[in-house]
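The values are calculated or read from the model by the stated rules, or taken from the named source; none is laboratory data. As the structure is a computational prediction, the values presented were derived from the model and not from experiment. Glycine gets a Cβ as well: all are built from the backbone with ideal geometry, and neighbour counts include every protein chain shown.
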């Protein structure tokens, strides 16, 4: 085989390997993008007069994704997990890059637990201490810096039409 033919074949296999590599990366990125809902309904809630804009995670898919795969959470924003039933809850930080605090709420919106969560943690879980109707995730320290404590009530005016499953 001549040197010219060898180089030509070698370049062709590198080109194919690059195309396969790029295709694989694009596939992984598109699956990751599809795994998490891009747009969720939002609402403004208030705790002790402090407004907070929250995305509403009302379906199993939205709750399963939560704030994972995000690089940041804007100031005074969060995610409110709305459940169709009242039972003990358990959260973890798999694929979540943001340091978060979570508050568990009863059906009246009263906070009964606040916990700080460690990013990218799969070993540690953050259970509610009793049955919860809601869970509220915010940037870590948001509750503390706003003087929000266990016993405070979250004022919620949620949209009347929500698909809660």
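Values for this structure:
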read-out: Residues within region 41-63 that are under 12 Å from the mean Cα position of the chain (by Cα), surrounded by 15 or more Cβ atoms within 10 Å (Cβ to Cβ) and not in a strand (DSSP E or B), tallied; value: 2
read-out: Residue in region 64-83 that is free of Cβ contacts under 8 Å to residues at least 60 places away in the same chain, part of a strand (DSSP E or B) and surrounded by 21 or more Cβ atoms within 10 Å (Cβ to Cβ) present; value: yes
read-out: Residue match in region 93-114 (condition: in a strand (DSSP E or B), farther than 21 Å from residue 146 by Cα and either modelled with pLDDT under 95 or under 17 Å from the mean Cα position of the chain (by Cα) (or both)); value: no
